[in-house]
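Have a look at the structure below, then the notes.
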Amino acid sequence: MQVSVMTTAAAEADEAVAAVTADREAADPPPRHVAIIMDGNGRWAASRGLPRVAGHRAGAQAVRRIVESAIRHGVGWITLYAFSSENWRRPAGEIIDLTGLLRHYLRSEVAELKREGVRLRFIGDRDRFDADIVADLTDAEHATEGNSRLNLTLALSYGARAEIVAAARAAARAARLGNLDPEAIDETVFGGLLSTSAMPDPDLIIRTSGEQRLSNFLLWQAAYAELLFLDVLWPDFGPAHFAEAIAEYARRERRFGARPA
Ligand code: FPP
């Protein structure tokens, strides 16, 4: 009996929070695209005397929570830096742990993400992963391509400079073949050659763990993004942090280089 009373009270509290959130967001629409540098898994594990892989596992749980938060806040696009091109330099054991976790994530989460209306995309040099993972990535993209409630992109073996170089190479090749007039290359044309061509630029980039740098993440796309560096370690990042990040974004004045009115 008591449980049902508490459940009702909790549901009412949730509704009240949702109503306040909806009111606030009617005035300040949420960022369309939030990109996150998920940092601090290793420190989270070390602070508990656990192996690094435990931090990465807890980090994967945080990913699940943030997908739910994004849907609740009406954020349409989330991009997560899950594995950088530089991460291949980590010890072999940690790479095995991270790729194993990715394999597990893809096999255990895609069906649920599909049910939730999430469309999955992957950017980065996927061919560096084992063939079974590459196949799982392609399958996940195909399985969810009809969804549009939330666009979730995982950056895997991703590096922004390599992405920009690849786009420059594609433009040069097209020009050499006579398919592209070099004078016609502008920001829109060049942006269309990037792996993010189907995505809006990020409005908000969050980095957890207190580090304050972009680490080769979405360098072109970040041109006018609001940057938010938080002192929380990624595995501890939850719905309250996400809500606060959205509120902080609403307080920022975005001018895109123009003078204040
Ligand atoms: C940075 O923490 C995090 C990573 C290199 C990997 C991010 C991976 C996950 C969040 C889990 C896997 C996600 C999916 C979607 C399967 P760090 O290890 O550099 O932490 P540290 O700076 O404290 O050492």
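The values are calculated or read from the model by the stated rules, or taken from the named source; none is laboratory data. Not measured: the values here are computed from a predicted model. Note that we place each Cβ from the backbone using ideal geometry, even for glycine, and neighbour counts take in every protein chain shown.
Answer yes if at least one residue in region 48-59 is in a helix (DSSP H, G or I), of a type in the set (A, V, I, L, M), more than 24 Å from Leu214 (Cβ to Cβ) and over 19 Å from the mean Cα position of the chain (by Cα), and no otherwise. Yes, region 48-59 contains at least one residue that is in a helix (DSSP H, G or I), of a type in the set (A, V, I, L, M), more than 24 Å from Leu214 (Cβ to Cβ) and over 19 Å from the mean Cα position of the chain (by Cα).
Taking (1) near the ligand (Cβ under 10 Å from one of its atoms); (2) within 22 Å of Asp139 (Cα to Cα); (3) touching a strand residue (DSSP E or B) at 6+ places or on another chain (Cβ under 9 Å) in turn, Arg64 satisfies each apart from (3).
Can you tell me which of Phe190, Phe242 is more than 16 Å from the ligand (Cβ to nearest atom), outside any loop (DSSP other than H, G, I, E, B) and surrounded by 15 or more Cβ atoms within 10 Å (Cβ to Cβ)?
Working: Phe242 fails: more than 16 Å from the ligand (Cβ to nearest atom).
One residue alone meets the criteria, Phe190.
Across region 87-103, which residue is nearest to Ser69 (Cα to Cα) among those that are in contact (Cβ under 8 Å) with a residue 40 or more places away in the chain and over 16 Å from the mean Cα position of the chain (by Cα)? Residue satisfying both the conditions and the ranking: Leu101. Summed over region 193-217, the residues that are of a type outside the set (S, T, N, Q), more than 16 Å from the ligand (Cβ to nearest atom) and either crowded, with 20+ Cβ neighbours inside 10 Å or in contact (Cβ under 8 Å) with a residue 40 or more places away in the chain (or both) give a count of 7. In region 50-67, the residues that are within 15 Å of Leu154 (Cβ to Cβ) and of a type in the set (A, V, I, L, M, F, W, C) reach residues that are assigned to a loop (DSSP other than H, G, I, E, B) and modelled with pLDDT of 95 or more with C-beta atoms within less than 6 angstrom, at least six apart or across chains, in these pairs: Ala62/Phe237. Quick check: is even one residue across region 132-151 among the basic types (Lys, Arg) and in a helix (DSSP H, G or I)? There is no residue in region 132-151 that is among the basic types (Lys, Arg) and in a helix (DSSP H, G or I).
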